[in-house]
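Input: a single structure, listed below in structure tokens.
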Amino acid sequence: MNKFENYCTKFVQSIGSKEGAVSPTIVASASFSYKTPEIAEGIFDGSIKKPLYSRMGNPTTARLESAMVEMDGGIGAVATSSGMGATTLAIMSLVSQGDEIISIGGLFGGTYSLFDETLSRFGIKTTFFDVDEFDAIKNAINDNTKVIFLESVGNPNMRLPDIAKIADIANNAGVALIVDNTITPLSISPLSLGADITVYSTTKIISGNSSALGGCVVFRAINKNVDKFKTARYSFLSKFIKGAGEMALIPNAKKRALRDFGMSANAHASYQTMLGLETLALRLPRIVKNIEIIALELAKNSLHVNHPCLPSHPHHTRYKEAFQYGCGTLLTIDMQTKEKAYSFLRKTKLATITANIGDSRTLALHMASTIYSDFDEKTRKFLGITDGLIRISIGLENPQDIIDDFLNAAK
């Protein structure tokens, strides 16, 4: 069965209920009563599985987490208040002062800033590499390296990593691999390719309608026998492994990050996200098909389009072999100058100018003047940000309507 078709069944069956309220219940409570001090003690030490406090988890959010675990083939998940909250939780649950991160490929501007500016203030160093610098990545790993981080598709440089190859490097070195899979849920399954953790901005294609801010981190199981997380590199995990076994990465994340940083998901947003998740497997294949039609036609009409479906793209072969379910909602158009980019954005009738991606409607944004406006020239060049670059997130509209609109806007 086609992967998308399979999840059409899974999502609606796991999110809806067969008894009582069919739609998930919104538990609109910040706190929960424990009835007795003995129950309170059990909830706090984890021996009693009942809600503790909504900063540490909410029943509505728990249902979303279960659906995300099923989607990614993980063992547990923690939903967060935003995609950046998810990335921060995943990273901060594993690093301390003096540790190092290896970041690979193009990066969303907020993630780059987190690594390069914020974490550096706390003594955590990040080294950045292109997706194909395999030898350099291997050589950069040292005793202080705690995380290798990459995006499943470079946002917005559209470069595709060889996730399985990078996972082999990480696993052979005993280093955690985190993959931001925001753009490619369902299309790519990083945990099955050897990653340890996936992160999402569920605000994007998972919700799909700009109504719910959220994020999620999905964790793999700790191997009962030999596992990289049982080594000296991650000695802080030993107490969690002793108490939670294969689930250890979840209480570690909650106690080392969620409890103290407070990037907790909101029950209402979790509910809205589940409504979007129910239709993800229907929306995503249409968008993936739309993108290929649009990218090929725009390129044929001499626009400077960047998408791996184009034979001229350096990762076209990788796209055909490893991304057969597509690589998300994005493509870029380089209008060569800021003035031409602004003209395009003023003329387009269909694209909504916004910083979001993965919506049911087509979105567009000039990169250099917005998300990357305070980045220096060297960093912009590394991330693929040119003066005329417009990031496009294709939606559910008729592809010919988008083509006609864009060709007219480019005149």
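Where a number appears in this text, it was derived from the coordinates with a stated rule and is not lab data. These numbers come from a predicted model, not from an experiment. A quick note on method: Cβ atoms are made from the backbone with ideal geometry, for glycine too, and the neighbour counts reach across all protein chains shown.
About the centre of its Cα atoms, the chain shows a dipole size close to 580 debye [charges on the beta carbon of Lys, Arg (+1) and Asp, Glu (-1) only; nearest 20 debye]. Summarising the strand pairing of the chain, around 55 percent of its internal DSSP beta bridges are antiparallel. Looking at segment 110-264, the DSSP beta bridges with both ends there are about 40 percent antiparallel. In plain terms, if you count all Cα to Cα distances in the chain and split them into 10 Å steps from zero, the share in each step is 5, 22, 32, 25, 12, 3, 0, 0 percent.
Of the trypsin sites (Lys or Arg not before Pro) found in segment 28-81, those in coil by DSSP whose Cβ has at most 14 other Cβ atoms within 10 Å are LYS35, LYS49.
Between segment 38-109 and segment 185-236, the alpha-carbon centres lie 9 Å apart.
Counting alpha carbon pairs within less than 8 Å and at least 6 residues apart, what relative contact order, in whole percent, applies to segment 45-146? Present the calculation step by step, with values, prior to reporting the outcome.
Details: 80 pairs, mean separation 23.8, N = 102.
Over segment 45-146, the number comes to 23 percent.
Phi angles of segment 377-382 translate, via the Karplus equation with coefficients 6.51, -1.76, 1.60 and θ = phi - 60°, into HN-Hα couplings of 4, 5, 5, 4, 4, 4 Hz per residue; Gly and Pro are given as x. Taking amide H as placed 1.01 Å from N in the peptide plane, HIS304 has its amide H under 5 Å from the amide H of ASP334, each at least 5 places away in sequence or on another chain.
Under 5 Å from the amide H of GLY214 lie the amide H atoms of GLY83, THR202, THR203, each residue being 5 or more positions distant or on a separate chain, with H modelled from the backbone and absent for Pro and chain starts. The relative contact order of the chain comes to 18 percent, based on Cα pairs under 8 Å that sit 6 or more residues apart. Other residues whose C-beta falls under 14 angstrom from the C-beta of ILE183 contribute a net charge of +1, scoring Lys and Arg +1 and Asp and Glu -1. Annotation for SER192 and PHE32: the two label points, set 7 Å from Cα along the Cα-Cβ direction, are 3.2 nm apart.
Remark: segment 345-353, residue by residue, has Karplus-estimated 3J(HN,Hα) of 5, 6, 7, 4, 9, 9, 6, 8, 7 Hz, where x stands for each Gly or Pro and the curve is 6.51 cos²θ - 1.76 cosθ + 1.60 at θ = phi - 60°.
Taking only the Cα atoms of segment 182-293, the radius of gyration and Dmax are 16.9, 52 Å. What is the distance in Å between the Cα centroid of segment 370-397 and that of segment 5-21? Cα centres, segment 370-397 to segment 5-21: 38 Å. Rg/Rh, computed from the Cα trace of segment 281-409 with Rh as the Kirkwood radius, has the value 0.95. Extension gain, LYS300-LYS224: 0.36 nm per intervening residue step, less the Cα-Cα distance, totals 22.0 nm.
Across segment 114-215, the relative contact order, built from alpha-carbon pairs under 8 Å that are at least six residues apart, equals 20 percent.
Just to be sure I follow the definition: excluding the sites themselves, where is the longest run in the chain that has none of the GluC sites (Glu not before Pro) in a DSSP loop with at most 14 other Cβ atoms within 10 Å? Counting only loop sites that pass the neighbour cut-off, the longest clear stretch is 134-411.
Our helix-only sum for the chain, with -39,500 (n - 2.57) per DSSP H run of n ≥ 4 divided by its residues, gives a mean residue ellipticity at 222 nm of -10500 deg cm²/dmol. Taking 0.36 nm per residue of separation and subtracting the Cα-Cα distance, full extension of the segment from SER210 to SER369 would add 55.0 nm.
Out of all DSSP beta bridges with both ends in segment 281-409, state the antiparallel percent to the nearest 5. The antiparallel fraction comes to roughly 85 percent.
In whole angstrom, note down how far apart the Cα centers of segment 141-181 and segment 237-254 are. The distance from the Cα centre of segment 141-181 to that of segment 237-254 comes to 22 Å.
The distance between label points at ASN142 and LYS50 comes to 5.1 nm (points 7 Å beyond Cα on the Cα→Cβ vector). When you filter the trypsin sites (Lys or Arg not before Pro) in segment 324-402 for DSSP loop state and at most 15 other Cβ atoms inside 10 Å of their Cβ, you are left with LYS349.
Distance cut-off 21 Å, Cα to Cα: go down the list LYS3/LYS289; LYS10/LYS49; LYS338/LYS381 and report the pairs above it. Long pairs (Cα-Cα over 21 Å): LYS10/LYS49.
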